[in-house]
1. What's the center-to-center distance, using Cα atoms, between the stretch 48-72 and the stretch 19-36 in Å?
2. Rounded to whole Hz and in sequence order, give me ³J(HN,Hα) for the stretch 64-81 from the Karplus expression 6.51 cos²θ - 1.76 cosθ + 1.60, θ = phi - 60°, writing x for Gly and Pro.
3. Let me know the charge dipole size of the stretch 47-96 about its Cα centre in debye, to the nearest 20, where only the beta-carbon of Lys, Arg (+1) and Asp, Glu (-1) is charged.
4. Among 36, 88, 78, which residue has its Cα furthest toward the positive end of the charge dipole of the stretch 2-95, with +1 on Lys/Arg Cβ and -1 on Asp/Glu Cβ?
5. Determine, from the Cβ-Cβ distance of residue 63 and residue 33 and an R0 of 41 Å, the FRET efficiency 1/(1 + (r/R0)^6), rounded to the nearest 0.05.
6. Just checking my list (i) 212; (ii) 92; (iii) 81 against volume of the Cα convex hull per residue in Å³ computed from this structure; which label fits?
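Read the figures in this text as sums done on the coordinates, not as results from a lab. What you see is a predicted model, and the numbers here were worked out from it, not measured in a lab. Don't worry about glycine lacking a Cβ; one is built from the backbone with ideal geometry, like all the others, and counts go over all protein chains shown.
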Amino acid sequence: MYFLVALGLTICSGIAWYFCRNKKELHLEILPITYGAATLMWLIDCIASAARGEGFLSFEIPLDIWISLWTFGAGLLFWGAIAIVLYFVNKKKTQK
């Protein structure tokens, strides 16, 4: 399930970036890259699970929701941290 959530986050953040790509100060290009990397990581985990004879996707609802929330939150925190740093770097450059 966490693979499907990460894939959904990648698609949604890619759509958000596409429609807001003219707003460079938001740095929305970071979100699809981050969630795309998480999707690739979970895809490799799903393939490894299938190779071990387990199911390709797991649906252990409490654990999967917890992992999915952490993936979503970590991506937003990563994007926020980078956006804040880039904002102050650009602000400092324009002041010179």
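1. What the calculation gives is 27 Å, centre to centre.
2. Those phi angles translate into 5, 5, 4, 5, 5, 5, 5, 4, 4, x, 5, x, 5, 5, 4, 4, x, 5 Hz.
3. In total the dipole reaches around 720 debye.
4. Among 36, 88, 78, the one farthest towards the positive end of the dipole of the stretch 2-95 is 88.
5. For R0 = 41 Å, the calculated efficiency reads 0.95.
6. (iii)
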